[in-house]
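Presented below is the structure to which this report refers.
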Amino acid sequence: MSNRTGYCITTWRLRLRCRHPQWLFLTQELFNQIELFYYDLFLEHEELWEENSQEILRKLEVLSLPGREKRIPENPLPWKLPPYFRRAAANAGIAAAKSRLRKGKFSHINRAEKLHSAMVFYKRMYKNFSQKEITLKLWDGSRWQWMRCRLYGKDFPEGGERMSPSVVFDRNFIMLHVPVKETTGDASSVRLRIREGRNICGLQFAGGDIACVGSVFDKDGKEVGVRFFRGGNGYSHRCRMVLERVEKSCKSMGGGGEEGQNRKYWIRLGHLTDSYAHEVSSEIVRFCQERDVSVIAIAKEKREGKDRIARKNGSGDCYANEGVGKSGVLERLHAEWRIREFLRYKAWKAGIVVIELSLEHMDDVCALCGSELAKTRETSGEFVCGMGHHGNRYLNAARKLAKNCKIQFGK
Ligand SMILES: [Zn+2]
């Protein structure tokens with residue numbers, strides 16, 4: 001057993017209550033104005049685009065703040081602000097601009113008019129931070145003041161390191177999001193784990209009632225466990241009930257579907273997906289702990305699916321109009337995306353590493369003998385290979401993942 005340690009970061013969401021919520025709104029507004037100022041400044045200076053974040057911040061400060069000996073900056077920032085507030089807003093602006101640049105060529109037509117990033121509180125912008133309260137430095141419209149806020153929510157994990165919190169305006173509540181950094185006992189590299197002969201679980205996402213299939217191999221290449229993680233049908237059924245309501249509401253609005261109108265259904269779908277993904281990911285980790293698994297190998301994520309879901313989630317569109325909900329594809333992809341996310345941190349906490357492998361050409365050979373699959377029956381999900389092996393094709397893929405992981409990292 002190696003004693004190298006690693007860490008994972010999870011976000012704790014606490015409800016925040018305070019005497020002057022309007023100060024939070026005013027500070028948020030100011031934060032987004034500063035964010036936009038640095039967003040524009042960064043985009044105007046193409047020579048900074050390839051620099052690292054620290055260097056960008058430093059150079060933007062030179063451009064916008066008076067220096068020693070009363071040097072006049074090129075683009076003076078029109079506000080006088082606490083340095084840690086300004087820096088947090090500038091970093092948010094830089095991040096927004098970078099994401100803009102990643103999406104395609106920047107021009108003044110597609111520049112953001114307004115930014116909405118949640119305000120992050122760096123040190124010196126908060127104090128007396130505990131499970132039950134936090135005191136924030138806020139702009140009340142005319143000056144900076146400290147305000148004590150009460151916090152409600154589940155306890156922080158023991159020994160976890162709290163990082164810069166941010167205030168997030170939810171639909172009905174004000175929330176404090178706190179990233180918590182936890183160290184895990186065993187973070188030896190995948191290569192080391194496999195060289196030590198530890199167990200590998202190949203995990204393949206499936207369809208229908210099966211969320212995914214796991215197959216565990218020991219150091220001698222012997223299969224020591226198989227599990228089908230089910231519940232997909234129940235989940236799809238619950239989603240469909242919500243989607244039917246959406247369809248009805250779309251029809252009653254003449255197919256238009258206004259922003260906000262379907263929002264409550266979206267939120268309900270989100271909750272359904274999260275609870276299903278939590279169930280499945282916890283079950284996978286339990287199974288892997290029982291089988292002494294040290295590495296979980298999954299197939300690389302399909303990007304297009306994720307982008308599509310992100311886009312759908314961001315819009316207030318009439319969800320049912322596209323018909324994707326009816327086929328269940330979108331729900332399944334969405335659930336898979338969440339399961340991956342939850343699995344990664346739950347496994348990590350349990351000292352298990354999750355690794356992504358490319359699944360190209362893994363789908364069409366038999367995991368047991370390596371010969372080509374003669375046929376796969378889409379409907380039954382069965383495969384038959386040239387040597388007469390047959391079984392579930394997702395199980396075949398899970399076995400291939402475990403085996404390939406060992407081949408790739410066991411050298
Ligand atoms: Zn075979």
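So how do 164-173, 32-41 stack up, highest first, on mean other-Cβ count within 10 Å?
Top of the packing list down: 32-41, 164-173.
Suppose each label sits 7 Å from its Cα in the direction of the beta carbon; what would the Q408-A118 distance come out to in nanometres?
Each label point is offset 7 Å from its Cα along the Cβ direction, giving 3.3 nm.
Say each of E161 and T11 gets a label point 7 Å from the Cα, pointing the same way as Cα to Cβ; how far apart are those two points in nm?
The modelled label-to-label distance comes out at 2.1 nm.
State the answer as a single residue: which of M241, C212, F229 lies farthest towards the positive end of the charge dipole of region 196-249, with beta carbon charges of +1 for Lys and Arg and -1 for Asp and Glu, about the Cα centre.
Positive-most Cα among the choices belongs to M241.
Please label the shape of region 23-119 as rounded, prolate or oblate, based on the square roots a ≥ b ≥ c of the eigenvalues of the alpha-carbon gyration tensor (a/c under 1.5 means rounded; beyond that, a/b larger than b/c means prolate, else oblate).
oblate
What distance in nm lies between label points placed 7 Å from Cα along the C-beta direction at K222 and R240?
4.4 nm
Using 15 Å as the cut-off for backbone N distance, which residues of region 147-183 belong to the label zone defined by a point 7 Å from the Cα of N128 along Cα→Cβ?
Residues 147-151 qualify, since their backbone N sits under 15 Å from the label point.
Once the Cβ-Cβ distance between R171 and E301 is put in as r, and R0 is 41 Å, what FRET efficiency do you end up with, to the nearest 0.05?
Efficiency for this residue pair is about 0.90.
Based on the Cβ-Cβ distance from D364 to I267, what FRET efficiency comes out when R0 is 25 Å, to the nearest 0.05?
0.05
Under the 0.36 nm per residue contour assumption, what length would be gained going from the current alpha-carbon distance of S275 and K80 to full extension?
Taking S275 through K80 to full extension adds about 65.7 nm, to one decimal.
How much length is gained if the chain between L101 and Q22 is pulled fully straight, taking 0.36 nm per residue apart and subtracting their Cα-Cα distance, in nm to one decimal?
In short, 25.1 nm is gained.
All of the numbers you see were taken from the coordinates with simple rules; none came from a lab. As the structure is a computational prediction, the values presented were derived from the model and not from experiment. Note that each Cβ is placed from the backbone with ideal geometry, even for glycine, and that neighbours are counted across all protein chains shown.
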